[in-house]
Amino acid sequence: MEKLKKFEYSMDSCNHCGQCKWILPPKMSGWDFAEICPIHRYHRFDAYSGQGLLNISKEVITGKLKIGEGLENVLYSCTMCGACDVNCKNVRDIEVLETIQSLREKCAKEGSAPESLKSLCANVEEKGNIYGFDAEERFVFLPENFSDDETSENLLFLGCSVYTHPEIALAAIKLLKAGGVSFRIFKDESCCGAAVWRGGYADKAEKIIKANVEKLRERGIKRIITPCAECFGAFRAIYPRFVDMDVEVFHISQILASLVEEGKLRFAPMEKPMKVTYHDPCMLGRLSEPWQPWEGEIKPFGRHEPEKKWRRGFDGVYHEPRAVLKAVPGVELCEMPRNYENALCCGYASRKTDPEMSADTAAERMREAASVGAEELVSCCPFCIDALGETGKTVELCVLLAGQLEEGGAK
């Protein structure tokens, strides 16, 4: 309760304007594709929104609502995509997402988190991955002749999706080797912990994070490269909450964009020209904005002393994935109305807790892709690919690029 009470100012400052549910009007392309909150778009009740969850949080700290009486059903319907937070900050500076996260932590501590999240946490603790697969099977997909540089200060962190999408890992390896980037892989790699933290299990997430960082330090890693948006967002925006991150973190698209610009990678033309659109994953975009710690006092009219630096979603990774897509001859990039920090979430994070809403959100995103004439949707997140691929044609960025890599890979 103590942590939740820290955000009482945010709860009291909500003026029910509805900006958490919509893109800022000057950024709208029209009423269609203007909604930004997945759960409100589907459920149509104010409780299912940033505003509603702020109100619920206030009722919890005043004792009018109690955890275990059903509020957790609304709370865990939320995808934690951060769109409400970014758009609310167009109106006033309050911490919507941090409040929701704190309420989840209270729910988890009281044992009221959904069973699916309890199982996920158990999988990570026992097996080192979110799925519960055997740890020793993590890299069975690697070819027998695979070799990495065990002396490299660069770690290629592949994430739990290697179990379900080994093709992404193989594509990432192929692209980095073609560009002459040295790296090593930890054969005992474990989950980044993002899903555990997002579920409200902060204590469990902290243990995972500290163990991973200790491993990095022991083995002399200076840079992390990852093709997974979820892992990237975790290292950049969740880990600094618990530890001092003395390693640089890069999404692979950032590395590839530099290689293309330096002339170290080139791609063959598509067999036929193709119109694609790019879906910004939440954890690569707005939620990857670096964590900004703040301790101080909130004065009248919301003055924060010392001054607070707000996370508005602008400092995510947006340019580089688009840059490498444009480097493939024959690819025409079409932008969806909701993009960059205003991208609509794919809905994946709630597929176990609110499956109907999750599926409807994915279908809505693919409807938006079709509206701009895209033949295929490209993304950098294996979980987005899973969600959106059930309702339309999708391809992961590394897989597309590796397939178009010109023989030799470099000029």
Open item on the list: Helix-only mean residue ellipticity at 222 nm, the chain, DSSP H runs n ≥ 4 weighted -39,500 (n - 2.57), per residue, nearest 500. What is it?
Closed with: -11000 deg cm²/dmol
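Counting each pair of different Cα atoms once, what's the Kirkwood radius of segment 352-399 in Å, rounded to one decimal? Mind showing how you got there, number by number?
Values: mean 1/r = 0.0913 Å⁻¹.
Kirkwood radius, segment 352-399: 11.0 Å.
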TODO: Between A268, A195, A229, find the one with the highest GNM mean-square fluctuation for the chain; connect C-alpha pairs within less than 10 Å.
DONE: A268
Task: FRET efficiency, 1/(1 + (r/R0)^6) with R0 41 Å, evaluated for D188 and E2 via beta carbons - done: 0.65
Task: Long pairs among K109/K210; K64/K352; K64/K106, criterion Cα-Cα beyond 22 Å - done: K64/K352
- [ ] Could you work out how far apart the two model spin labels at E144 and F301 are, taking each label as a point 7 Å from the Cα in the direction of the beta carbon, and quote it in nm?
- [x] 7.4
Open item on the list: Less than 12 Å apart at the alpha-carbon level, and either on another chain or at least 8 residues along: which aspartates and glutamates does that give for K207?
Closed with: E125
Open item on the list: I want to verify the translational diffusion coefficient of segment 117-198 in µm²/s; compute it with Stokes-Einstein, Rh as the Kirkwood radius over Cα pairs, at 37 °C and 0.692 mPa s.
Closed with: 242
- [ ] Pick out, from M245, V91, S182, the residue whose Cα sits farthest towards the positive end of the charge dipole of the chain, with +1 on the Cβ of Lys and Arg and -1 on the Cβ of Asp and Glu.
- [x] V91
Task: Rough spin-label spacing in nm, given labels placed 7 Å along Cα→Cβ, for A122 and E332 - done: 5.2
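Where does each of 283-292, 394-403 land if you order them by average Cβ count within 10 Å, highest first?
Values: 283-292: 23.4, 394-403: 21.7.
Those peptides, ordered most packed to least, come out 283-292, 394-403.
Just the number, please: percent antiparallel of the DSSP beta bridges in the chain, rounded to the nearest 5.
On the way: 4 of 22 bridges.
Around 20 percent antiparallel, to the nearest 5.
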- [ ] Output the peptides 305-315, 55-65 sorted from most to least packed, where packing is the average of other Cβ atoms within 10 Å over each peptide's residues.
- [x] 55-65, 305-315
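Between L65 and M270, how high is the FRET efficiency from 1/(1 + (r/R0)^6) when r is the Cβ-Cβ distance and R₀ = 56 Å? Nearest 0.05. All intermediate terms of the calculation are to be shown ahead of the outcome.
Details: r = 55 Å, r/R0 = 0.97.
Efficiency computed from Cβ-Cβ geometry: 0.55.
Provide the gained length on full extension for the span K393 to Y9, in nm with one decimal, where the gain is 0.36 nm per separating residue minus the Cα-Cα distance. Don't jump to the answer; show the numbers that get you there.
Numbers: separation 384, 0.36 × 384 = 138.24 nm, distance 4.40 nm.
Roughly 133.8 nm would be gained on extension.
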Task: Top of Y201, Y239, Y42 by mean-square fluctuation, Gaussian network on the chain, Cα under 10 Å - done: Y42
Task: Which of S49, N15, G82, positive extreme of dipole for the chain (C-beta unit charges) - done: N15
Open item on the list: Here are a few candidate values for volume of the Cα convex hull per residue in Å³: [x] 140; [y] 218; [z] 156. Which one was actually calculated from the structure I just gave you?
Closed with: [x]
Task: Pair K210, E115: separation of 7 Å Cα→Cβ label points (nm) - done: 3.2
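List the relative contact order of segment 70-185 as a percent without decimals, with contacts defined as Cα pairs under 8 Å and 6+ residues apart.
Working: 78 pairs, mean separation 21.5, N = 116.
This gives 19 percent for segment 70-185.
What accessible area per residue comes out for segment 213-311, rounded to a whole number of Å², with a 1.4 Å probe?
On a per-residue basis, segment 213-311 sits at 48 Å².
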Task: Rounded percent of accessible protein surface that carbon and sulfur make up, the chain, 1.4 Å probe - done: 49
TODO: With only Lys, Arg, Asp and Glu charged, each at its Cβ (+1 for the first two, -1 for the last two), find how big the charge dipole of segment 55-114 is about the Cα centre; round to the nearest 20 debye.
DONE: 100
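If the only charges are +1 at each Lys and Arg Cβ and -1 at each Asp and Glu Cβ, what is the size of the charge dipole of the chain around the Cα centre, to the nearest 20 debye? Can you show the working numbers first?
On the way: 53 positive and 63 negative charges, 161 e Å.
So the magnitude is around 780 debye.
Using Cα-Cα distances under 8 Å and only pairs 6 or more residues apart, what relative contact order does the chain have, in percent?
Relative contact order of the chain: 18 percent.
The values are calculated or read from the model by the stated rules, or taken from the named source; none is laboratory data. What you see is a predicted model, and the numbers here were worked out from it, not measured in a lab. Neighbour counts are summed over all protein chains in view; Cβ atoms, including those assigned to glycine, are modelled from backbone coordinates with ideal geometry. Just so you know, the surface numbers come from the protein's heavy atoms only, side chains and all, with ligands and any DNA or RNA stripped out. Shrake-Rupley method; radii C 1.70, N 1.55, O 1.52, S 1.80 Å.
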